[in-house]
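The values are calculated or read from the model by the stated rules, or taken from the named source; none is laboratory data. Just so it is clear, the model here is predicted, and its values are computed rather than measured. Virtual Cβ from ideal backbone geometry, glycine too; neighbours counted across all protein chains shown. Only protein heavy atoms, including side chains, enter the accessible area calculation; ligands, DNA and RNA are left aside. Shrake-Rupley method; radii C 1.70, N 1.55, O 1.52, S 1.80 Å.
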Amino acid sequence: MLQLLADLARWLTGPAQWQGPEGIAVRLLEHLEYSLLATLAGAALALPLGLLIGHTRRFAFLAINLAGFGRALPTVGLVTLVFLAGGLSMWPVYVALIALAVPVIVTNTYAGMTAVDPDVTDAARGVGMTGPQVLFKVELPLALPLVMTGLRLAMIQVVSTATIAAYVSFGGLGRYIFDGLAQRDLVQVLGGAVLVALVAVLLDLAMAGLQRSLFRNRPADAR
């Protein structure tokens, strides 16, 4: 066990491992590119849907059921299905990652909107605010902490799952895991897994820090 840890440390810190087109630096940038693009695309789809459902209180069953769908989604199966339908490209990976991000963003956005005190929205309408004004000037600012939590959770899930890009012969940190399994190289498999976990943890800490800084001056019950 100690020897394995020593080999892992050498693999992670070796200068040669960080250089070249297959080095850790390049694979890390690829992994971040996949993750950020998928999360942004998922947010572009999910935020309007979550805001609409939360504002109108219609189709709430959709937001609730999406949470279960996200947990039950067979990511590798979805990648394989889109791959068979569309051929070898990054589209199967992006489709799977976006499908993973959308449910958690929708459900958290909906939860944030429904947590807004109805008396507050009634008062806003009472002073003459239109529906869009109530949404963007009252409901959304109050719901923003939960919306941010949804984005944060989606990002971590996508980062952790973006290793599937290597499943269809693309890059990212998952390349070390799949190549290591094929070569029966346990050190490479563990190295890839450790790098993915570190990226997920660091991004989570960064987004948590951003969330705290944005809502630092809010009352505790409004966060």
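Of note:
- Between A16, A46, A208, the GNM of the chain built on Cα springs shorter than 10 angstrom shows A16 fluctuating the most.
- Degrees, to the nearest 10: 174-183 long Cα axis against longest axis of the chain: 30 degrees
- Going by accessible surface with a 1.4 Å probe and the largest first, D119, D185 read D119, D185.
- Calculated Cα Rg over 2.2 N^0.38 Å (choose from (1) 1.21; (2) 0.90; (3) 1.03), label: (1)
- Largest mean-square fluctuation among I164, I24, I98, in a Gaussian network model of the chain whose springs join Cα atoms under 10 Å apart, belongs to I24.
- Residue-wise HN-Hα coupling along the range 132-140, computed from phi with Karplus coefficients 6.51, -1.76, 1.60 (Hz; x: Gly, Pro): x, 5, 4, 4, 8, 9, 10, 5, 4
- Of all accessible heavy-atom area on the range 24-172, the percent that carbon and sulfur account for (1.4 Å): 71 percent
- Rounded FRET efficiency, nearest 0.05, which uses the C-beta distance separating L81 from A115 and R0 of 30 Å: 0.25
- What the chain shows is 53 Å² of accessible area per residue, with the surface traced by a 1.4 Å probe over protein heavy atoms.
- Our estimate of slack between L186 and T130, defined as 0.36 nm per intervening residue step minus the Cα-Cα distance, is 14.1 nm.
- Only protein heavy atoms count here; on that basis, with a 1.4 Å probe, F170 has an accessible area of about 60 Å².
- Accessible area ranking (1.4 Å probe, heavy atoms, ligands and nucleic acids excluded), largest first, for R58, R125, R10: R58, R10, R125.
- The listed residues D7, D122, once ranked by accessible area (1.4 Å probe) with the largest placed first, stand as D122, D7.
- Among L97, L181, L173, the residue with the largest mean-square fluctuation in a Gaussian network model of the chain, with springs joining Cα atoms closer than 10 Å, is L181.
- Spin-label model, F215/W18: points 7 Å from Cα along the beta carbon direction are separated by 3.6 nm.
- Computed E for A123/E33 - FRET, C-beta separation, R0 41 angstrom, nearest 0.05: 0.35
- The local environment of Y110, defined by Cβ-Cβ distances under 13 Å, has a net charge of +1 under the rule Lys, Arg +1 and Asp, Glu -1.
- Amide H partners (placed H, <5 Å) of M90, local residues excluded: none
- Degrees, to the nearest 10: 91-114 long Cα axis against longest axis of the chain: 30 degrees
- FRET efficiency estimate (nearest 0.05) - Cβ-Cβ, D7 to F59, R0 45 angstrom: 0.25
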